[in-house]
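Report on the structure given below.
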Amino acid sequence: MDKKKFDLIVIGSGPGGYVAAIRAAQHGLKTALIEAGELGGTCLNRGCIPSKALIANAEVLRKVREAASYGVSCQNVAFDYAAMKERKDGVVKNIRNGLEGLIKSNQITIFNGYGKFLSPREVKVTGQDNEVLEADKIIIATGSEPRPLPLIPFDHEVVHDSTSLLNLTKLPKRLFIVGGGVIGCEFACLHNAFDVEVTIFEVLPSILPMEGKNVSDLLARSFKKRGIKIETNAVIDRVDRSPNGISFHLADGRQLEADMALVSVGRKFNSENLGLEKIGLALAPNGSIPVNEHLETTVPGVYAIGDVTGKWVLAHVASHQGLIAADNAAGIKNVMHENAVPSVIFTDPEIGTIGLTLERAIQQGYDATIGKFPFQALGKAQATIQTEGFAQIVVDKPTGQILGAQVVGYGASTLIAEMAIAISNELTVQSIGDTIHAHPTIAEAWMEAAFIASDMPLHLPPRPKK
Ligand code: FAD
């Protein structure tokens, strides 16, 4: 078989791979992009976009149901989940078509098939296209997939992963969610909006433990108010199929039943069957591919980006790593900085976080303090009935440097961008207080939190003197 020669081969076309391919092509590299499934990877086809399309449907339903609070009357409110799913599929298809055009417009050659290393410079494609490709530089961007739980194996009818749950056309009456992490909480909120009885099982003492106590507590309270049940410190001993679905036997002796279960206990990295042993690339114990700050693996010229590197399971991190790896592959030195990675959880209320929580800042030895401002005290929040939530800034007291920020509430997904700019540019809390924020906006919460962190609160009474 004749080898096809390129300057760069990218394996996987998720938000990591396709972005890397575009940046490499912009640098003048002749680039091949190999994809075994659908262009756009997990994010576009079974992750960020479809879940957010359904969440948008849920938001409309919630708003309509709350319309009376705004003096708007809506009677006989109903929804059609099958139609919502169809809208979601249409959004995904539309973006995928656009993505294919974008990739091709950058003169990138797409190969449809499974890529496997033959040597550190050769990849064999098997599938719709069958070729051997050769390049000096190769980027692995193969992503991840739902991690199975041996106690509750997926059958995609009663026990679902996030992919099969997104493809339902009819909702269950009762849903168990195993795992109170980001995906578990987003799905809990989504299904609760559609009147599904949701119970989250989390083995740890709280849901979203990584987001810090303030955030985790507020979300748990909000979920409970909405009727979402949360079983923390939950140990599931046995799982049976019951005539109506599934039954969980808990270590404390209780037996609980639901029609369906979602198992969302993390992701498994797509690093197997890539022929990595042929190129001498050893995996980390958790199956991820170790990389240095240039995103290069232990094999010179072979880079890895995105979920498969095991550091962050976020689309925007995969894309950012794609830009950096492509720069380095083109001979332009670039480095990944990890202190300013925003993360958003699309629950209701939304959560946006970046950098260190107060707990982690103190653990790391900072003399840290916090400025926290409740949305309740904002004019815009009152005017729009979006009073649930807060914005808080974690600050290094001696220097005023912003170490982290967390925001829970309406618009958190957009609000966190201000703190991403602040942290990536090493701004101080004073610079946020000195910035004129438009009124009335929810973004004023950052300015108010900055005033509080500097012990000069404006729209809250002064802290009592000790
Ligand atoms: P992927 O997107 O997984 O893409 C990898 C691609 O490589 C796939 O298309 C796969 O088919 C292909 N591939 C694998 N092996 C081979 C091979 N050997 N040859 C050829 N092709 C191969 N992140 C966010 O930032 N925001 C969100 O709101 C968000 N929501 C999510 C919701 C859900 C339900 C899920 C499951 C994930 C969500 N994520 C979200 C995470 C996000 O989807 C991932 O972090 C992101 O897709 C990772 O990008 P990637 O390029 O590393 O890999």
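Mean sequence separation of contacting Cα pairs (under 8 Å, at least six apart), scaled by the length of region 343-453, corresponds to a relative contact order of 31 percent.
Looking only at region 1-136, where both bridge partners belong to it, what percent of the DSSP beta bridges are antiparallel (to the nearest 5)? The partial results should precede the final answer.
Working: 9 of 20 bridges.
Once the DSSP bridges in region 1-136 are tallied, antiparallel ones form about 45 percent.
Can you compute the helix-only [θ] at 222 nm over the chain? Use -39500 (n - 2.57) per DSSP H run of at least 4 residues, normalise by all residues, nearest 500 deg cm²/dmol. Before the final figure, lay out the partial values.
Values: 13 runs with 145 residues, N = 466.
Result for the chain: -9500 deg cm²/dmol, rounded to the nearest 500.
Evaluated at q = 0.09, 0.22 Å⁻¹, a Debye calculation over the C-alpha positions of region 343-453 (equal weights, vacuum) places log10 I(q)/I(0) at -0.20, -1.17. Of the three principal axes defined by the Cα atoms of the chain, the extents in descending order read 74, 62, 44 Å. The calculated FRET efficiency for Q255 paired with E59, based on their beta-carbon distance and R0 = 35 Å, is about 0.50. Express as a percent, rounded to the nearest 5, the fraction of DSSP beta bridges in the chain (both residues included) that run antiparallel. Just about 60 percent of them are antiparallel. Our summary gives the chain a relative contact order of 14 percent, counting only alpha carbon pairs under 8 angstrom and 6 or more residues apart. The gain in end-to-end length when the S119 to M456 segment is fully stretched comes to 115.1 nm, 0.36 nm per residue minus the alpha carbon separation. Ordering of 203-213, 349-359 by packing is 349-359, 203-213, highest average first (other Cβ atoms within 10 Å, averaged per residue). Specify the angular offset, from 0 to 90 degrees and rounded to the nearest 10, of the alpha carbon long axis of helix 81-105 from the longest principal axis of the alpha carbons in the chain. Value to nearest ten degrees: 50. Subtracting the Cα-Cα distance of K224 and Q364 from 0.36 nm times their residue separation leaves 47.1 nm of extension gain. Between the helical axis of 213-225 and the longest alpha-carbon principal axis of the chain there is an angle of about 70 degrees. Within region 116-185, the GluC sites (Glu not before Pro) that combine a DSSP coil assignment with at most 14 other C-beta atoms in a 10 angstrom radius are E157. Where the centre of each part is set by its Cα atoms, how far does region 437-466 sit from region 167-219, in angstrom? Answer, in whole Å: 32.
For region 159-265, what does the relative contact order come out to in percent, with C-alpha contacts under 8 Å and a separation of six or more?
Values: 191 pairs, mean separation 37.6, N = 107.
RCO, region 159-265: 35 percent.
Computed from label points 7 Å out along Cα-Cβ, the spacing between D195 and E66 is 2.0 nm. What angle do you read, to the nearest 10 degrees and between 0 and 90, between the alpha-carbon axis of helix 48-65 and the longest principal axis of the chain? Approximately 20 degrees, to the nearest ten.
For region 37-84, applying the loop criterion from DSSP together with a ceiling of 12 other beta carbons within 10 Å to the GluC sites (Glu not before Pro) yields E66. For the peptides 146-152, 259-265, the ranking by packing is 259-265, 146-152, with the highest mean count of neighbouring Cβ atoms within 10 Å listed first.
Here are some pairs, K4/K268; K4/K88; K225/K311; K224/K380; which of them have Cα atoms lying more than 28 Å apart in this structure? Walk me through the numbers on the way to the answer.
Values: K4/K268 31 Å; K4/K88 38 Å; K225/K311 34 Å; K224/K380 26 Å.
Going by Cα-Cα distance, K4/K268; K4/K88; K225/K311 fall outside the 28 Å limit.
Each label was represented as a point 7 Å from its Cα along the Cα-to-Cβ direction; for T414 and K104 these points are 3.4 nm apart.
Quick one: Cα centre-to-centre distance for region 397-418 and region 32-87, in angstrom? Measuring centre to centre over Cα atoms gives 27 Å. Annotation: the antiparallel percentage among DSSP beta bridges lying fully within region 159-265 is about 40.
Computed on region 36-149, the Cα convex hull volume stands at 178 Å³ per residue.
When a/c reaches 1.5 or more, the comparison of a/b and b/c decides; with that in mind, is region 159-265 rounded, prolate or oblate per its Cα gyration tensor? Before the final figure, lay out the partial values.
Numbers: a/c = 1.74, a/b = 1.22, b/c = 1.43.
It is oblate, given that a/c is not under 1.5 and a/b is not larger than b/c.
Quick one: V10, V123, V60, fewest Cβ neighbours within 10 Å first, how do they rank?
Working: V10 34, V123 28, V60 12.
In order of increasing Cβ crowding within 10 Å: V60, V123, V10.
Peptide packing: for 14-27, 386-399, the average count of neighbouring Cβ atoms within 10 Å per residue gives the ranking 14-27, 386-399, highest mean first.
Where a number appears in this text, it was derived from the coordinates with a stated rule and is not lab data. Everything numeric in this text was worked out from a predicted model, so none of it was measured. Cβ: placed from backbone, ideal geometry, glycine included. Neighbour counts: every protein chain shown.
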